[in-house]
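J.: Here it is, the structure in full.
The values are calculated or read from the model by the stated rules, or taken from the named source; none is laboratory data. Since the structure is predicted, the reported quantities are computational estimates derived from the model, not experimental observations. Please note: Cβ atoms are built from the backbone with ideal geometry, for glycine as well, and neighbour counts cover all protein chains shown. For accessibility, only protein heavy atoms count, side chains too; no ligands or nucleic acids. Shrake-Rupley method; radii C 1.70, N 1.55, O 1.52, S 1.80 Å.
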Amino acid sequence: MTLKEAPIKTTFLIKEIIANDKITAFLRTLGCMDDEEITIISKISNNWVINVKDTRYAIDKNIAECIVLCD
């Protein structure tokens with residue numbers, strides 16, 4: 001399942017990032033990499049507020065679709 005499909009207020013492990021090099025590089029700068037924990041804090045409009053490495057970020061639905069989570 002992708003981050004876009006995941007329930008809020010839940011923690012998952014990132015399985016993989018499926019995106020072009022630009023988006024992958026951006027997510028890696030946020031700390032989103034394979035086997036890293038990611039928590040979905042909330043969904044506001046078409047933005048997801050996530051917590052990675054004790055830092056909160058807001059990402060849009062296009063980026064949320066690129067993050068594949070472990071079930």
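J.: Per residue, how much accessible area does the chain have with a 1.4 Å probe, in Å²?
T.: Counting only protein heavy atoms, the per-residue value for the chain is 61 Å².
J.: Could you name the lysines whose alpha carbon sits less than 20 Å from that of Lys43, not counting residues in the same chain fewer than 8 places away?
T.: Partners within reach: Lys4, Lys9, Lys53, Lys61.
J.: While we're on this one: Regarding region 1-61, what's the average projected area of the Cα-atom convex hull, expressed in nm²? Write out the running numbers ahead of the final one.
T.: On the way: hull surface 15.1 nm².
The orientation-averaged projected area of the Cα hull of region 1-61 comes to 3.8 nm².
J.: In debye, nearest 20, what is the charge dipole magnitude of the chain about its Cα centre with +1 on Lys and Arg Cβ and -1 on Asp and Glu Cβ, if you could check?
T.: Here the chain has a charge dipole of around 320 debye.
J.: Which of Ile23, Val68, Ile8 sits farthest toward the positive end of the charge dipole of the chain, with +1 on the Cβ of Lys and Arg and -1 on the Cβ of Asp and Glu?
T.: Ile8
J.: Counting only protein heavy atoms and a 1.4 Å probe, tell me what percentage of the chain's accessible area is made up of carbon and sulfur.
T.: Its accessible area is 49 percent carbon and sulfur atoms.
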